[in-house]
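The structure appears below as structure tokens.
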Amino acid sequence: FTRLILCIKATVLSVLRQNSDMLCLNIAIRRRLSYIMAKDNILLITTDQQRFDTLNAWGNQSIFTPHLNYMAAMGISYKNCYASCPICVPSRTTIMTGRQGYESGVVSNATHETFMRACTEERSTLPAVLTDAGYQTCAKGKMHFEPARAHYGFEHMKLPLDYMREYDKKQVLAHPKAHGVGECEVEPVISTVDVKDSITSWIAEEAIDFLETRDTTRPFFLWTSFTKPHPPFDPCRDFWELYDNIPMPDAVTGDWSRTVEETPQGFLAGSYENTNQHLFGKEQRAASKRAYYACITQIDYALGRIFGCLRENDLFKNTWIIFTADHGEMLGDHHMSQKNLFFEGSAHVPLLIMPPQGRSLPQNISVEAPTDLVDLYPTILAMAGLSSPVSVSGRNLLEPVPMDRIFFGNSLNRNFCVMEEKLKLVYSAVGDHVLLFDLNTDPMEQHNLAEDPAWQERKAKLWKLLLEHTAQYTPEALDENGQFLTYEAPHFPGDVPGRWFGFHYHDYSVDTFH
């Protein structure tokens with residue numbers, strides 16, 4: 001009997017303890033749910049290959065960008081944001097992990113799979129951290145991951161591959177990219193589909209679909225990633241015609257780039273490889289720029305639909321909106337095209353942050369301090385009330401940004417950059433070219449100071465910083481004497497092998513449909 005009583009007592013105590021544990025667990029869950037419910041939503045919007053000077057609100061009076069203007073008016077413009085490796089995959093890897101390309105080793109579009117898998121396993125990718133914190137995480141549009149269908153922490157994902165698969169099934173109604181202009185060519189061409197069937201509209205529709213069908217018990221992180229204005233520059237005819245009779249700004253040249261022949265040829269290697277930009281005349285450059293601007297405007301007008309959805313679902317009040325690009329486009333400046341380089345057209349990108357509306361937060365503010373795409377990772381986590389689970393080199397942009405920040409860049413282990421207080425040194429190991437610019441007085445890099453006696457001390461300081469930085473992060477780019485390995489520059493007008501023209505239409509193994 002005594003043993004029975006003790007057994008019953010033990011059972012009752014066990015049940016009480018379990019109930020107590022369950023009660024504590026329920027309280028913890030309720031607190032966690034309350035914490036999650038109070039969290040802000042985060043919408044990250046990126047474009048592909050959009051340079052910094054393509055916003056009407058920032059002074060370009062040849063382009064229509066009403067909804068980016070709205071973001072600038074209602075938020076913060078970071079006027080000096082740069083990509084430390086201005087290529088698609090490295091920039092996207094930096095956004096996802098908070099690590100620069102020269103830190104991770106991802107300095108080209110070659111596979112980043114090993115690094116991304118490691119970050120996913122340690123749950124340190126941006127969507128993994130947010131998912132684990134209770135966010136509903138979703139990616140719509142171009143991710144350019146390797147392998148293409150890897151989620152790397154996202155719960156849901158729809159890619160341009162899915163757009164092409166959908167339209168392959170209804171070719172009678174729409175057949176994208178039937179014009180034959182490829183993924184890197186910069187000749188203008190009109191889209192072969194109507195606006196409603198374009199990839200830009202499809203990405204906007206996918207974003208809206210998520211906003212309207214999301215789990216409303218959780219905050220969301222949505223990365224809406226537009227493929228344009230990356231080539232082909234093929235706006236829908238409606239947007240091409242918007243630019244009738246609007247003159248295009250002339251391409252920039254400098255005292256070091258008066259002609260194609262006079263331009264240091266190492267910097268032209270990428271242009272020669274993928275485009276015919278160096279052969280264009282003035283009118284051809286203007287037509288290419290018009291198509292590029294039209295692609296940007298088409299994205300901007302699509303943002304109007306997304307913003308309308310946010311307003312109608314009362315989401316402006318608790319949603320942070322960030323807009324930026326993975327890198328820019330030279331667009332004929334100094335006879336160059338494409339990215340990969342550290343000139344302003346290629347590495348300098350727009351960055352806008354619009355806080356939740358209705359709060360006492362900054363509006364219509366311009367920040368001149370230097371910022372970097374690596375800053376998005378800690379900034380987005382700060383918006384979610386989280387700290388970074390790993391050491392990152394980026395800064396939370398919701399806090400003051402110092403003006404004396406030094407910028408370093410490495411692209412392909414061939415192109416390098418160091419910039420301090422807007423004095424920028426760019427170096428190409430292809431041809432062993434050094435250029436120096438003072439962006440304070442020469443914002444479009446038209447006057448090379450590298451051989452000016454008055455600037456030799458400053459040049460030497462920057463060169464030393466660049467060599468030390470490269471030795472720390474990319475020693476394989478240096479020889480046994482600690483100097484850059486050099487490579488032969490192409491010979492005008494571009495004897496670069498392996499040119500990539502008109503390809504990539506039905507290869508579903510890579511996420512690079514534009």
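The values are calculated or read from the model by the stated rules, or taken from the named source; none is laboratory data. Keep in mind that this is a model prediction, so the values were computed, not measured. All Cβ positions, glycine included, derive from the backbone under ideal geometry; neighbour counts span all protein chains shown. In case anyone asks, the SASA skips ligands and DNA or RNA and just uses the protein heavy atoms, side chains included. Shrake-Rupley method; radii C 1.70, N 1.55, O 1.52, S 1.80 Å.
A few comments on the model shown:
- Under Karplus coefficients 6.51, -1.76 and 1.60, residue-wise ³J(HN,Hα) of the range 281-295 in Hz, glycine/proline x: x, 4, 5, 5, 4, 5, 5, 5, 5, 4, 5, 4, 4, 5, 5
- Rounded to 10°, Cα long-axis angle of helix 456-473 versus longest principal axis of the chain: 40 degrees
- Among beta bridges identified by DSSP and lying wholly in the chain, the antiparallel ones come to about 50 percent.
- The range 343-484 - percent of accessible surface contributed by carbon and sulfur, probe 1.4 Å: 50 percent
- When only Cα pairs below 8 angstrom with a gap of at least 6 residues are kept, the chain shows a relative contact order of 25 percent.
- Apportionment of accessible area to carbon and sulfur, the range 50-171, percent (1.4 Å): 47 percent
- Tail weight of P(r) past 45 Å, computed on alpha-carbon pairs of the chain, percent: 16 percent
- Remark: the chain carries 41 Å² of accessible area per residue (probe radius 1.4 Å; ligands, DNA and RNA excluded).
- Close amide-amide hydrogen proximity is noted between M157 and A139, each under 5 Å apart and 5 or more residues distant or on a separate chain (H modeled in the peptide plane; Pro and chain starts excluded).
- Relative contact order (percent, whole number), the range 113-163, Cα cutoff 8 Å, 6+ residue spacing: 40 percent
- Potential lengthening between N69 and I190 on full extension [0.36 nm per residue; Cα-Cα distance subtracted]: 41.0 nm
- Residue-normalised convex hull volume from the C-alpha trace of the range 77-157: 107 Å³ per residue.
- Computed FRET value (nearest 0.05) for R405 with E241, which takes r as the C-beta separation and R₀ as 60 Å: 0.90
- Ranked packing of 441-447, 157-163, 225-231, most packed first, by mean Cβ within 10 Å: 225-231, 157-163, 441-447
- Mean Cβ neighbour count within 10 Å, used as a protection proxy, ranking 41-52, 423-434 highest first: 41-52, 423-434
- Inter-part distance, the range 353-380 to the range 402-460, computed on C-alpha centroids, equals 27 Å.
- Neighbour cut-off at most 12 other Cβ (10 Å), DSSP loop, trypsin sites (Lys or Arg not before Pro), the range 256-324: R258
- Radius, Kirkwood style, for the range 321-416 when every pair of distinct Cα atoms is counted (Å): 15.3 Å
- Normalised by 2.2 N^0.38 Å, where N is the number of residues, the alpha-carbon radius of gyration of the range 71-111 equals 1.40.
- Rounded to the nearest 20 debye, the dipole magnitude of the chain is 2520 debye, with +1 charges on Lys and Arg beta carbons, -1 on Asp and Glu beta carbons, and the Cα centre as origin.
- Positive-end residue of Q363, T263, Q456, charge dipole of the chain with Cβ unit charges: Q363
- 3J(HN,Hα) from dihedral phi, the range 223-230, Karplus parametrisation 6.51/-1.76/1.60, rounded to Hz, x for glycine, proline: 9, 9, 10, 6, 7, 8, x, 3
- Residues of the range 183-213 with amide N under 20 Å of the 7 Å Cα→Cβ point at E312: 195-198, 200-213
- Cα-based equivalent ellipsoid of the range 401-458: semi-axis lengths in Å, sorted from largest, via gyration tensor: 18, 16, 10
- For the pair E262 and T441, label points projected 7 Å from Cα toward Cβ lie 2.0 nm apart.
- Rounded to 10°, Cα long-axis angle of helix 2-37 versus longest principal axis of the chain: 30 degrees
- Applying 0.36 nm per residue to the separation of E113 and A150 and subtracting their alpha-carbon distance, the gain on full extension is 12.4 nm.
- Summarising the label geometry, the points placed 7 Å from Cα in the beta-carbon direction at S387 and Q456 lie 4.9 nm from one another.
- Sites E122 and L465 - FRET efficiency at Förster radius 30 Å, r taken between beta-carbons, to 0.05: 0.45
- Estimated 222 nm signal from helices in the chain, with DSSP H stretches of n ≥ 4 weighted -39500 (n - 2.57), rounded to 500: -10500 deg cm²/dmol
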